[in-house]
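Quick note: the coordinates plus some simple rules give every number you see, no bench work behind them. Given the structure is predicted, the values throughout are model-derived calculations rather than measurements. Note that we place each Cβ from the backbone using ideal geometry, even for glycine, and neighbour counts take in every protein chain shown.
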Amino acid sequence: MNKRIKLSLIFGIICAMLLSMTQFSVLCDDLRENILRLHIIANSDSTEDQVLKLKIRDTILNETGDLFLGVTELENAEKQASEHIDEFTQIANRVIKENGFDYSANVTLGDCFFETREYETFTLPAGNYRSLIIELGKAEGKNWWCVIFPSVCIPAASSGDLRDSTDEKSAEVAENSDQYIVKFKAVEIYEKIKNWFN
């Protein structure tokens, strides 16, 4: 095989890979753009602060989970979260006080970068997601997060499903991540670089 044919084949393979990654990236964007995450950041990594973080998580999910039930669009989920920020703050501060801590919680709605995360039934690609962020005290400890829209992690949800908010093909990618391991890794590397520059 002559050199020109080899170069053409290599160029063709590279173009096919790039096109495939571009299509995959669009599906990952659809997932990121249709999800609202709850992100709780502990005061520190001490055992006490980490236990408190989980108590706040449980109380928040139990007392506010119904806010997102029946919501069908991210915009409405964000509106619900925004309208109840004071409620989330009061709940977190109440649990902090009940457990004898002297710091407070700060609750905001914003964007957070997350690495690729595998669940039992689906995988979410790395990247920036809209998030309800609850920072406890100095917010220097390990964090905990889940998906509150669609209602995947809310106890009151009968059947939270990514298909409730995302494109069918995007949900298919998330639910069959074992077929896309290399692509998820490539997207994660790309998103980390992009996040680093931002």
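Its Cα centre serving as origin, segment 27-159 has a Cβ charge dipole (Lys and Arg +1, Asp and Glu -1) of approximately 240 debye.
A cut-off of 5 Å between modelled amide H atoms, ignoring neighbours fewer than 5 places along the same chain, links Phe149 with Leu36.
Packing order of peptides 127-137, 62-72, highest average first: 127-137, 62-72 (average count of other Cβ atoms within 10 Å over each peptide's residues).
When Rg and the Kirkwood radius Rh are both evaluated on Cα atoms of segment 45-103, their ratio Rg/Rh stands at 1.06.
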